1. Please report Met160, Met154 as a ranked list, fewest other C-beta atoms within 10 angstrom at the top and most at the bottom.
2. Determine, for each peptide in 65-76, 27-38, the mean count of other beta carbons within 10 angstrom over its residues, then list the peptides with the highest first.
3. Taking only the alpha-carbon positions of the stretch 149-218 and ignoring solvent, what does the Debye formula give for the base-10 log of I(q)/I(0) at q = 0.21 Å⁻¹?
4. Based on other C-beta atoms within 10 Å, arrange Lys80, Lys168 from fewest to most.
5. Based on the mean of other beta carbon atoms within 10 Å per residue, what is the order of 112-118, 52-58, most packed first?
6. If you find the alpha carbon centre of the stretch 37-54 and of the stretch 103-125, how far apart are they in angstrom?
7. Using bins 5 angstrom wide from zero, how does P(r) for the stretch 8-131 break down, in % of all Cα pairs?
8. Would you please classify the overall shape of the stretch 42-110 from the alpha carbon gyration tensor, given that a ≥ b ≥ c denote the square roots of the eigenvalues, rounded means a/c under 1.5, and beyond that prolate means a/b larger than b/c while oblate covers the rest?
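Just so you know, all these numbers are worked out from the coordinates, no wet-lab data involved. It should be emphasised that the depicted structure is a prediction, and the values quoted were computed from it without experimental measurement. All Cβ positions, glycine included, derive from the backbone under ideal geometry; neighbour counts span all protein chains shown.
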Amino acid sequence: MNDSSTQINVLLADDHAVVRAGIRLFLEHAGDIQVVAEADDGEMAKTLLQHHRPDVAVLDIQMPKASGIEITRWIRSNLKNVGVLILTAYDDDPYVMAVLQAGANGYVLKTASPGEIIQAVRDVYAGKSAVNALIAQKLVAHISSRSVEQPVEMLTGREMEVLVMTAKGYTNKAIGAQLGISDRTVQGHLAHIFGKLNATSRTEAVMRAVSLGWIPHTVGAVSEE
């Protein structure tokens, strides 16, 4: 059980009632997580998300009426403060890329242990990216294949400092405090990093840097602040 007194409110969307019941059981057993709503299709998920506005939405990919990918896009457009964790049996590359490009904060397979899934919920709540090892490998492989055709511009020393701290899970505020610069300056450095690495998110930027050998693949969860 987590010692924190913070309660993380979760919406759980999966079209299999037995699966939802099992996930709910171990999530709530963690002590700091409460499932405030359950949905068995995508449209119900949207309705309940609007009503409850949870901290984290835990979504399957394949559901009736609207997929987890569609719901993720909808959340990013309408409920920007809701974290999105994809919890699915699908590890196919097109699904992984589509969900992360849609704006999901995490992607974890249902084969993960209850402890890993609980930690993923906590990481997403904390503003970090939660991607398990297999999915991270797929991201690196995908980005590496693009790197052959898309040469990148080298980062400056300060940009590399920001990227390494991002890879370690530091938020913009924490990076700014460590480097003695403002949050806005950190955001500016990240914008330059994204442009140079042809990335659309912090997770993609870090994975591309890993694929290029610029930083080791031993970093912590990436903050998506």
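1. On the way: Met160 16, Met154 9.
If I rank by nearby Cβ atoms, fewest first, I get Met154, Met160.
2. On the way: 65-76: 21.0, 27-38: 17.1.
The densest-packed peptide leads the list: 65-76, 27-38.
3. Evaluating at q = 0.21 Å⁻¹ gives log10 I(q)/I(0) of -0.82.
4. Working: Lys80 8, Lys168 17.
Ascending number of Cβ neighbours within 10 Å: Lys80, Lys168.
5. Values: 112-118: 15.4, 52-58: 22.0.
In descending order of packing, they fall as 52-58, 112-118.
6. Result: 19 Å between the Cα centres.
7. Result, from short to long distances: 2, 13, 26, 28, 21, 9, 1 percent.
8. On the way: a/c = 1.76, a/b = 1.51, b/c = 1.17.
Verdict is prolate for the stretch 42-110.
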